[in-house]
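K.L.:
The structure's right below; bear with me while I get my questions together.
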Amino acid sequence: MDWLSDLHVRVDLGYQGMQSDYHLDQLDIPYKKPRKSQKNPQPALSAAQKAVNKALSQIRIFVEHAIGGMKRSNILVHSFRNRTEHFEDDAIGVCAGLWNLVLSY
């Protein structure tokens, strides 16, 4: 699939296979610490890899806080049982607008 090919995508370590599943030009994914083994008894990331991970986490924290702020509206947290078409999109838009209003004050 190439529907993400023109986007700059930032993901966390839960999306390790994203590069192989999608054709992405710009994918930012943190480095994973190597596993402990007999050949590598004390695995560690290099200083450059730690710096990249820190920079990515500083960007990602704003997104995580925005999602958490929108989830203060219970309509996004609980399952929605209405069958109105596209209502979920409208609910997310309203919750995002309300959260942006909270941030502006």
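The values are calculated or read from the model by the stated rules, or taken from the named source; none is laboratory data. For clarity, every value in this text was computed on a predicted model and none was experimentally measured. Heads up, the Cβs are rebuilt from the backbone with ideal geometry, glycines too, and the neighbour counts pull from every protein chain shown. Note: accessible area is taken over every heavy atom of the protein model, side chains too, but ligands, DNA and RNA are not part of it. Shrake-Rupley method; radii C 1.70, N 1.55, O 1.52, S 1.80 Å.
K.L.:
Lysine pairs in the chain 8 or more apart or on different chains: how many have alpha carbons under 25 angstrom apart?
P.N.:
Eligible lysine pairs with Cα atoms under 25 Å apart amount to 7.
K.L.:
Between His78 and Gln16, what FRET efficiency comes out of the Förster formula 1/(1 + (r/R0)^6) with R0 = 25 Å and r the beta carbon distance, rounded to 0.05?
P.N.:
Working: r = 31 Å, r/R0 = 1.22.
FRET efficiency, Gln16 to His78: 0.25.
K.L.:
May I ask you to give the solvent-accessible area per residue for the range 9-72, in square angstrom, as obtained with a 1.4 angstrom probe?
P.N.:
For the range 9-72, the solvent-accessible area averages 81 Å² per residue.
K.L.:
With the chain treated as a Gaussian network of Cα nodes joined by springs under 10 Å, which of Gln26, Gln42, Gln16 yields the largest mean-square fluctuation?
P.N.:
Result for the chain, Cα springs under 10 Å: Gln42 fluctuates most.
K.L.:
Which angle between 0 and 90 degrees, to the nearest 10, do you get for helix 47-70 versus the longest principal axis of the chain when only C-alpha atoms count?
P.N.:
The angle comes out at about 10 degrees.
K.L.:
If contacts are Cα pairs under 8 angstrom and at least 6 residues apart, what is the relative contact order of the chain in percent?
P.N.:
18
K.L.:
Separate question: Mind listing the long-range amide H neighbours of Asp28? Cut-off is under 5 Å, sequence gap 5 or more, other chains count too, H placed in the peptide plane at 1.01 Å from N.
P.N.:
Those qualifying (amide H under 5 Å, at least 5 residues apart or on another chain) are Val9, Arg10, Val11.
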